[in-house]
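> My questions will all concern the structure given below.
The values are calculated or read from the model by the stated rules, or taken from the named source; none is laboratory data. Everything numeric here is computed off the predicted structure, so don't read it as measured data. When we count neighbours, we look across all protein chains shown, and the Cβ atoms used for this are built from the backbone with ideal geometry, even at glycine.
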Amino acid sequence: MSLVLALLASAALREPLGVWQRWAALRETPGPHCVAVAQPLRRDGATDRRGGFSLVAARQGPARAPSIRFRLTRPRGEGAPLTLIIGERRFALIGDRETARAADTETDRAIIGAMRGAGAMTLTTLDASGRTLNDTYPLAGAATAIDAAQLGCTAR
(Lines give C-alpha, C1' and ligand atoms only; values in the text may rest on other atoms or scores of the structure.)
Protein backbone atom coordinates (compact mmCIF):
# COMPACT_ATOMS: atom_id res chain seq x y z
CA MET A 1 0.00 0.00 0.00
CA SER A 2 1.87 3.06 -1.26
CA LEU A 3 -0.01 5.52 0.95
CA VAL A 4 1.17 3.67 4.05
CA LEU A 5 4.77 3.83 2.81
CA ALA A 6 4.42 7.53 1.99
CA LEU A 7 2.98 8.30 5.40
CA LEU A 8 5.72 6.31 7.11
CA ALA A 9 8.40 8.11 5.10
CA SER A 10 6.96 11.54 5.85
CA ALA A 11 7.36 11.18 9.61
CA ALA A 12 10.06 9.21 11.34
CA LEU A 13 7.82 8.62 14.37
CA ARG A 14 4.97 6.75 12.64
CA GLU A 15 4.54 3.05 13.10
CA PRO A 16 2.10 0.73 11.33
CA LEU A 17 -0.46 -1.03 13.50
CA GLY A 18 -1.66 -3.23 10.65
CA VAL A 19 -3.17 -3.41 7.18
CA TRP A 20 -6.63 -4.85 6.47
CA GLN A 21 -7.67 -5.07 2.82
CA ARG A 22 -7.11 -1.51 1.52
CA TRP A 23 -7.14 0.16 4.97
CA ALA A 24 -4.15 0.68 7.27
CA ALA A 25 -3.89 1.80 10.89
CA LEU A 26 -0.92 3.94 11.98
CA ARG A 27 0.31 5.40 15.28
CA GLU A 28 2.22 8.67 15.35
CA THR A 29 4.21 9.88 18.35
CA PRO A 30 4.51 12.06 20.30
CA GLY A 31 0.88 12.21 21.19
CA PRO A 32 0.08 9.51 20.46
CA HIS A 33 -2.08 10.16 17.42
CA CYS A 34 -3.60 7.16 15.64
CA VAL A 35 -5.39 6.95 12.30
CA ALA A 36 -7.00 4.52 9.87
CA VAL A 37 -6.31 5.51 6.27
CA ALA A 38 -7.16 4.39 2.72
CA GLN A 39 -6.78 5.63 -0.85
CA PRO A 40 -9.70 5.81 -3.30
CA LEU A 41 -10.13 3.47 -6.24
CA ARG A 42 -10.08 4.31 -9.92
CA ARG A 43 -12.93 3.11 -12.12
CA ASP A 44 -10.89 0.06 -13.14
CA GLY A 45 -10.54 -1.00 -9.48
CA ALA A 46 -6.87 -0.03 -9.14
CA THR A 47 -5.70 2.35 -6.41
CA ASP A 48 -6.00 6.01 -7.38
CA ARG A 49 -2.54 7.48 -6.78
CA ARG A 50 -3.33 11.18 -7.30
CA GLY A 51 -2.94 11.94 -3.58
CA GLY A 52 -6.50 11.56 -2.34
CA PHE A 53 -7.23 9.69 0.86
CA SER A 54 -9.74 9.04 3.60
CA LEU A 55 -8.46 9.30 7.15
CA VAL A 56 -10.28 8.34 10.34
CA ALA A 57 -8.53 9.86 13.36
CA ALA A 58 -8.89 8.11 16.71
CA ARG A 59 -9.78 10.41 19.58
CA GLN A 60 -9.01 9.93 23.23
CA GLY A 61 -10.59 11.48 26.31
CA PRO A 62 -14.26 12.32 26.78
CA ALA A 63 -15.14 12.57 23.05
CA ARG A 64 -13.60 9.22 22.04
CA ALA A 65 -15.53 9.46 18.79
CA PRO A 66 -13.33 9.02 15.71
CA SER A 67 -13.40 11.85 13.17
CA ILE A 68 -13.26 11.47 9.40
CA ARG A 69 -11.29 13.59 6.95
CA PHE A 70 -10.77 13.40 3.20
CA ARG A 71 -8.20 14.78 0.80
CA LEU A 72 -9.73 15.09 -2.67
CA THR A 73 -8.04 13.65 -5.76
CA ARG A 74 -8.68 16.92 -7.63
CA PRO A 75 -9.40 20.47 -6.39
CA ARG A 76 -13.09 21.14 -5.74
CA GLY A 77 -14.94 23.88 -7.57
CA GLU A 78 -15.76 26.96 -5.54
CA GLY A 79 -19.04 26.49 -3.69
CA ALA A 80 -19.60 22.95 -4.99
CA PRO A 81 -21.40 20.82 -2.39
CA LEU A 82 -19.54 17.90 -0.80
CA THR A 83 -21.65 14.78 -0.34
CA LEU A 84 -20.57 11.46 1.13
CA ILE A 85 -22.69 8.49 0.01
CA ILE A 86 -22.62 5.29 2.05
CA GLY A 87 -25.23 2.76 0.97
CA GLU A 88 -28.56 4.59 0.98
CA ARG A 89 -27.32 7.34 3.31
CA ARG A 90 -26.06 10.77 2.26
CA PHE A 91 -24.00 13.07 4.45
CA ALA A 92 -23.31 16.73 3.72
CA LEU A 93 -19.66 17.54 4.40
CA ILE A 94 -17.76 20.79 4.76
CA GLY A 95 -14.30 21.66 3.49
CA ASP A 96 -12.10 23.71 1.24
CA ARG A 97 -10.78 23.16 -2.29
CA GLU A 98 -8.72 20.11 -1.34
CA THR A 99 -10.24 18.63 1.84
CA ALA A 100 -13.58 17.57 3.29
CA ARG A 101 -14.80 16.61 6.75
CA ALA A 102 -17.89 16.13 8.85
CA ALA A 103 -19.30 19.35 10.31
CA ASP A 104 -19.64 17.97 13.85
CA THR A 105 -19.08 15.00 16.15
CA GLU A 106 -22.63 13.71 15.65
CA THR A 107 -22.09 13.47 11.89
CA ASP A 108 -18.69 11.81 12.45
CA ARG A 109 -20.38 9.14 14.58
CA ALA A 110 -23.12 8.57 12.00
CA ILE A 111 -20.59 8.25 9.16
CA ILE A 112 -18.37 5.80 11.08
CA GLY A 113 -21.46 3.74 11.98
CA ALA A 114 -22.59 3.66 8.34
CA MET A 115 -19.08 2.65 7.22
CA ARG A 116 -19.23 -0.44 9.43
CA GLY A 117 -22.18 -1.89 7.53
CA ALA A 118 -21.47 -0.93 3.91
CA GLY A 119 -19.28 -2.15 1.08
CA ALA A 120 -18.09 1.23 -0.20
CA MET A 121 -18.41 4.97 0.25
CA THR A 122 -18.18 7.71 -2.37
CA LEU A 123 -17.32 11.35 -1.82
CA THR A 124 -18.89 13.33 -4.64
CA THR A 125 -18.57 16.98 -5.71
CA LEU A 126 -17.67 19.05 -8.76
CA ASP A 127 -14.04 19.81 -9.54
CA ALA A 128 -12.64 23.22 -10.43
CA SER A 129 -13.56 22.61 -14.12
CA GLY A 130 -17.16 21.74 -13.24
CA ARG A 131 -16.69 18.00 -13.89
CA THR A 132 -18.13 15.44 -11.49
CA LEU A 133 -15.59 14.16 -8.99
CA ASN A 134 -16.32 10.81 -7.34
CA ASP A 135 -13.70 9.45 -4.92
CA THR A 136 -14.78 5.90 -4.01
CA TYR A 137 -13.36 3.91 -1.10
CA PRO A 138 -13.93 0.21 -0.48
CA LEU A 139 -14.89 -0.40 3.14
CA ALA A 140 -13.70 -4.00 3.56
CA GLY A 141 -11.18 -3.79 6.41
CA ALA A 142 -12.19 -0.24 7.41
CA ALA A 143 -13.91 -1.22 10.68
CA THR A 144 -10.92 -3.30 11.78
CA ALA A 145 -8.46 -0.52 10.90
CA ILE A 146 -10.58 2.07 12.76
CA ASP A 147 -10.77 -0.18 15.82
CA ALA A 148 -7.01 -0.86 15.65
CA ALA A 149 -6.30 2.87 15.51
CA GLN A 150 -8.57 3.53 18.48
CA LEU A 151 -6.99 0.70 20.50
CA GLY A 152 -3.48 1.58 19.31
CA CYS A 153 -3.63 4.92 21.08
CA THR A 154 -5.22 3.64 24.28
CA ALA A 155 -2.69 0.80 24.63
CA ARG A 156 0.22 3.14 25.40
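> Return the residue satisfying two criteria in turn: it lies in region 29-52 and is in a strand (DSSP E or B) and surrounded by fewer than 20 Cβ atoms within 10 Å (Cβ to Cβ), and of such residues it is modelled with the highest pLDDT.
Only one residue tops the list, namely LEU41.
> Given the options ALA58, ALA145, name the one that is surrounded by 15 or more Cβ atoms within 10 Å (Cβ to Cβ), touching a strand residue (DSSP E or B) at 6+ places or on another chain (Cβ under 8 Å) and either charged (D, E, K, R) or at pLDDT 95 or above (or both).
Just a single option satisfies the conditions, and that option is ALA145.
> Among the numbered criteria (1) touching a Gly at 6+ places or on another chain (Cβ under 7 Å); (2) closer than 23 Å to LEU17 by Cβ; (3) among the hydrophobic types (A, V, I, L, M, F, W, C), which single criterion is violated by LEU82?
The number of the failed condition is (2).
> Let me ask you something else. Can you say whether ILE111 is over 17 Å from THR83 (Cα atoms), under 14 Å from the mean Cα position of the chain (by Cα), part of a helix (DSSP H, G or I) and not hydroxyl-bearing (Ser, Thr, Tyr), as far as the supplied structure shows?
Considered against the rule, which asks whether it is over 17 Å from THR83 (Cα atoms), under 14 Å from the mean Cα position of the chain (by Cα), part of a helix (DSSP H, G or I) and not hydroxyl-bearing (Ser, Thr, Tyr), ILE111 comes out as no.
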